[in-house]
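Values quoted throughout were computed directly from the atomic coordinates according to the rules given, and no laboratory measurement underlies them. Keep in mind that what you see is a predicted model, and the values were worked out from it rather than measured. Using ideal geometry, Cβ is built from the backbone for each residue, glycine included, and neighbour counts are taken over all protein chains shown.
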Amino acid sequence: MGLHTSESPDRITQEEEEANIGVENQPRATTSIPQVIKTRNWWICLFVCSGLVVTGRVLATLLLNFYFIQTGRDVCDDPKQFKGTWLQSFIQNAAFPFTALLLLLWRSLFSTHRETQSSSSFVKLFLLYISLGVLFAAYSQLYAIGRTHCVFFFWIFTTQLIFTSIFTAIINKHKFNRWIILSIVLSGIATGITSSDDAYYPCEGEGGKMSYGAWCGLFGTVAFSLSLCIMQLGFQKVIPNTESRVSAVMLMQTNASMIATLICLVGLFISGEFKDIKEDFETFTKGRPLYVLSLIGLSLAWQVMSLGLVGLVCLASSLFSNVVSFSASPLANIFVVLAFSFMDDDVDWFKGGALLAGILGFASYIYSFYKATKKREIASQSETESVCD
């Protein structure tokens, strides 16, 4: 499945009734067998990337909570609670060698050609990766600050869907229909009502720090939403159509994460937070080996999730990738409650309802894709019959 596709159910013109879904990355539906196979492969890749996002989101949430508990950052009056934000942002991007290895394996096993870049396209790609790397580093750091400083961070976090919708409408000319709007509402509700069951819950009395964390969280949502929309614009305007979509996805993720890692590494040393790593390493409750393994696992989990997000942007749209991430939030937090039993909490009907809302939000967007695909098939068949007549 090389994803050499040209159209996707997330970019259709307004004429197609209310199925204003873009279809630039999904193959055009025709009755020919090769096109049917391409459409089937598109659906398979869509669900595979969605699975990567869900898996990465669940594992990252579990491991991040484990890290906070074992380092004592779940204690409200512990001064360490507000430390380590640069380390968190560094870990979130540091597993880019894993994606680079996958890219090398893919190209050695499946690539049949090499794309020759002109100097102008090389400059565009360079600027694309630099801008994405800066945004990756920015939202990683801003989210880390917001998460550890503001009790309302997860409510602020839900505005990410709003910003993504606005940016994708302006930058990517995304069209909305009732199924997409319903999907946004349901996935936003699913995230907003379940995301507070975590170890990193800051003290309510820190007014100045809470305000600072709130602003950082808000700007973090803007940076993340903007990065998704710039990715989509890059796939539409900058990445060559002849380039394997799989290679393009892994190359974009690798380069952007590498740049973000370098920025976060500089921030880690300039801020002096690197001195706290030794303390965490020596005082980690479960021992030093598990400290190292937890950070490695956390970094890989973030990378798997990010790879799935970039894949969904390439296959469908920035908005859909965000919806999938939000739809996975209730599942991730149910696993957190089961694993850690925060505040003697349990999985009640409220969390079950949030999980159902997340599933329905995802299903609503998928149904909009299905409607667009069937509409194109009918139009194509009618066109073929009229030509034959």
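Given a Förster distance of 45 Å, report the FRET efficiency between LYS278 and SER121 from their Cβ-Cβ distance, rounded to the nearest 0.05.
0.50
In the stretch 124-166, what chymotrypsin sites (Phe, Trp or Tyr not before Pro) fall in a loop by DSSP, with at most 15 other Cβ atoms inside 10 Å?
Sites meeting the loop and neighbour criteria: PHE152.
Less than 27 Å apart at the alpha-carbon level, and either on another chain or at least 8 residues along: which lysines does that give for LYS375?
Those lysines meeting the cut-off are LYS38, LYS173, LYS175, LYS237.
Can you figure out the FRET efficiency of LYS237 with VAL48, using R₀ = 41 Å and their beta-carbon distance, to the nearest 0.05?
Once rounded, the FRET efficiency stands at 0.95.
For the residue pair SER131 and LYS374, what label-to-label distance in nm results when each label sits 7 Å from Cα along the Cα-to-beta-carbon direction?
In this crude label model, SER131 to LYS374 measures out at 3.8 nm.
Applying 1/(1 + (r/R0)^6) with R0 = 41 Å to the Cβ-Cβ distance of LEU101 and ILE170, what FRET efficiency is obtained, to the nearest 0.05?
Efficiency, from the Cβ-Cβ distance: 0.65.
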